[in-house]
Each structure stands twice: as structure tokens, then as C-alpha cells.
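Below is one structure, written out as C-alpha cells; comments come after it.
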């Protein structure tokens, strides 16, 4: 009896499982049938980067479909110079036509410009001529630029495409529209209300009028011996050097004011970043000059200054060096040692946006270099002359030109003969030049030159003597 009961139990569950499996198969077939019936056919044509007929879902809108097809074709970025997503024509199989503006949909999210697709729809992308079919927007807007023109565009549409009025500007109520004649030779300016329902034409150039906002991030950078180095906010043409140093927390006890410098933005980016790699990056990329551009600027400066000059060839190289130094290291020449009085002319020096202040640490050394065995910094000992520092650097080298030792003043870069025994100060340099080593041939050549000159002089004297006869 127990065996019969067990067999009936197994038979019952086998039949139930078969029914469940059949039900699942039926459901899968139903899902596949529904999915198959949800698919529609949509064709892309016109001036599109990809054309053809593609499968779409009945729940897809135009933008979703176009984005998917373009992504599948690896076309990830729309370029308005080659095709436009404005004024796209959507044609239904029943003959109804709708103009679709996907660019406007991206701006405001209005689904009027992004309808659902139907079976056998055709999307025709318009031809593109951004050179002639355009309008431009500038002035007090968030995203100035050039945009494709579509018949029916109005001023408010142009402002919308330019990202709207920039809230940093106040009282923006008017716009100037500059409109060329067909031959491009005449122009008229139309002044209109910024919120007016004004019809645009192809080629209109629009400027949203506003006084320039001066609420900008004016600042300077200070590095070196101050308590709080970094970017310091300033006003436009009002903040003084003294105020900047106060905002930077004041000077440290190790600050060397004698060698402190102010550099303007258009000089220090090229010099300090390009030549010395100090990594002083601007907050404003547009102000950072590439080395090639700076070289061209230096070259133009040279040409302009040389054009009317009386320079002879021997002077040209020296002039170019001096002029390049002037351009690349242009600074204010402010004497930081006179900052004690907040009412002094130095303290009242006006800082400019993106200036750089460098305040080095005191070194209290003299730098000896050239023909010495151990060139480098030697600790300053007040009252000692140049010979003391040369001795500390290991004495004269074998090829040192002992009679032409020069002292270079660190503050003024002035060269002074060491024979004049100038007073040595912190940051000064002592330079020992190399004597010219001459071979036997060079001496023979030099003697030959002297003999040639003597012969020429003798010839002249002889001619004069003959003339007197």
C-alpha cells in the first residue's frame, strides 16, 4: 500500500511540473511575440553622418533613437560644421511632417521638439552652411558663440541658445543687432529690447549690451618668505603692496627685502615656468604664454626697436640680449627695503591682477665662481675683500686671469673691477675669468697680423713721401 501511495505522489508532481513548464514556454513565446511587435522601422537620411534604415522601439523618442544609432556607429560628438540637429524633418508614413529641433530640446527639455517615433518614420537631416546660415551672440550672455540659423528664429531664441543672460551683468535690457546688406558692403545697427519678439535674419550678429562687470577674481601670487604665501585677493587698480603683505601675514624674520621682486604676468610665466620650471601656474589659462609665442613677441619687439636705430652690426647682439632681458624679466623695480613706512611711495605701489611677488630668504653669502677649484657660496664676513673669498674657494685656478677679477653686485647686477676693492655685501658675486690659452700657431698668426699692419703703414708712408716729391 505504501508503494502505491509513493508512486501516485510521484506521478502527481510530474504532471504538475509538466504543466508549469508548458506555462513558462507559453509565457516566453508571448513575451517574444510582444517584443517583436514593439519593434518598428525608422530611416535616417539627408545630411547625417550615418544613413540607412534601423530598428527602433515604439517607446523611443527621436533624440534617444538618434543618440543610440550614432553611438553604435562610434559617432560620439556632433559637429555643427558638418551636420545640424536643428530643423530635422520627421516624416510619418501617413504624409504628416514635423520639424524637430533637438538642439533646442537639449537646452530646455521641451518634448515638443522630441516626439515619439512611429513605424516607417523617416528623419531627414538638413544641409549645413554655418558660414552663411548662422547668427552669432556676444556680450552679456553665458555662452557666446555662432549658431545655426533656422527660419523663424527670434532674438529670444538666440539668447536661449547662448545660455541666457549672464547674471553677473546688471540691467541688461537692450541688444544691438548688426545686419549686413546682401553684398556685405553696408551694415545697419538695430537696437532692440532684449525680451522683444524680434525676428532674426541669416547672418545677424547680436550683442547683449551691458556695462562690463568688474566683479572678477583679481589676485596676485606671493611666494617666499611671508607667513601665508599663495594667492592674495586684490581690487582692480586699488590694492597697494603694503596691503598685500599684510594680507599675506607679514614677512618672516628670514626675508631678504634686498632681493625681493615684483614680476608682471606677461613676463614671469614665460621666464619662470618656461626657463626655470618653477611651476607657477596661472588660474587663468588664457594668460599663460607659450614659449613659442613669447619668442615671437621678443622678436617683434627687437624689430620695432631696431627699425629706426643707428646700431652697427657690432652692437646688435648686445642690444638683442639687453632687450630680451627687458621683456622677459620686466618688473617694477620697487625697493622693498623702503617698506617700513606704510605711507611711503613704495608701500603705496599699486598691484596689478596676476602679478607675482617673490621674496627670497636671506643667504648672507658671497658666491664665487669661475676659475676656482671650489666655486659656490662663501659665508659673508663684513670687512673682508675679494681675495679672502677667492682663498676660501680654493684659490686661483691654473688658468685664472688674475688681473681681471670682477665683482658683480647682486642687487644692481653692476660689474666692478675687483682692483677697485668695492665693499662686498650679501648676494654679491665674484667672477674669476679664464685666461686665453694660445698655441704656437695662434702666436705666429698674431705676429703675422702685426707685421701685415706694419707693412701697410710703411706703404702708406712711402706713398706720402713720393707724393711730396
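Observations on the model:
- Between residue 199 and residue 420, the distance separating the two model label sites (each 7 Å from Cα on the Cα→Cβ line) works out to 8.2 nm.
- Counting beta carbons within 10 Å around each of 349, 92 and listing the fewest first gives the order 92, 349.
- D (Stokes-Einstein, µm²/s), Kirkwood Cα radius, the stretch 172-218, 0.692 mPa s at 37 °C: 266 µm²/s
- P(r) histogram, all alpha-carbon pairs of the stretch 134-208 included - 5 Å bins from 0, percent: 4, 17, 30, 27, 14, 6, 2, 0
- With neighbour counts taken as other beta-carbon atoms within 10 Å, the residues 54, 82, 178, 147 rank, fewest first, as 82, 178, 54, 147.
- Whole-angstrom gap from the stretch 87-108 to the stretch 133-202, using each part's C-alpha centre: 24 Å
- Cα centroid separation, the stretch 208-234 to the stretch 392-406: 49 Å.
- The ranking of 181, 48 from fewest to most other beta carbons within 10 Å of each one's beta carbon is 181, 48.
- Viscosity 1.567 mPa s, 4 °C: Kirkwood-radius Stokes-Einstein D of the stretch 32-168 over Cα pairs, µm²/s: 80 µm²/s
- Virtual spin-label span in nm between residue 361 and residue 167, 7 Å along Cα→Cβ: 4.7 nm
Read the figures in this text as sums done on the coordinates, not as results from a lab. Note that this is a predicted model, so its numbers are computed, not measured. When we count neighbours, we look across all protein chains shown, and the Cβ atoms used for this are built from the backbone with ideal geometry, even at glycine.
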